[in-house]
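Participant: Supplied in structure tokens, the structure appears directly below.
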Amino acid sequence: MPEGTLEVLLVSAKGLEDADILCKMDPYVVISYRTQEKKSTIASGKGSNPEWNETFLFDVSSDDATDIKVKIMDSDGAIGVDDLVGHGRQVNLRA
């Protein structure tokens, strides 16, 4: 049973290495907290400096893990498999 809510604000990314050769990449972010996973909108054609300004909510309880994982992906749409641009993890989240 949830005891609270973790609010994550995804603002932007800067200086990403472009995963596309012929055009600007279409980045999106996948944020994971325990078994919960949220996906941002695709920043179509925004290339290396995308902006999202999106908020994601995760249910938390006192026995939850204390790390959050973030992956930045490049959407290839219907023409291929999405590319991993980068990833990171924040540990020891505290209220």
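The values are calculated or read from the model by the stated rules, or taken from the named source; none is laboratory data. On a predicted model such as this, the values are computed, not experimentally measured, just so you know. FYI the Cβ positions are ideal-geometry reconstructions off the backbone, even for glycines, and counts take in every protein chain you see.
Participant: Pull up segment 48-62, narrow it to residues that are exposed (fewer than 12 other Cβ atoms within 10 Å of the Cβ) and small (G, A, S), then point me to the one that is modelled with the highest pLDDT.
Facilitator: S61
Participant: Please specify each residue of segment 47-60 satisfying the condition of being touching a Lys or Arg at 6+ places or on another chain (Cβ under 7 Å), in a loop (DSSP other than H, G, I, E, B) and of a type outside the set (G, A, S).
Facilitator: N49
Participant: Within segment 63-93, can you find the residues that are under 15 Å from V8 (Cα atoms), modelled with pLDDT under 80 and either small (G, A, S) or part of a loop (DSSP other than H, G, I, E, B) (or both)?
Facilitator: T66, N92, L93 - these are the residues of segment 63-93 that are under 15 Å from V8 (Cα atoms), modelled with pLDDT under 80 and either small (G, A, S) or part of a loop (DSSP other than H, G, I, E, B) (or both).
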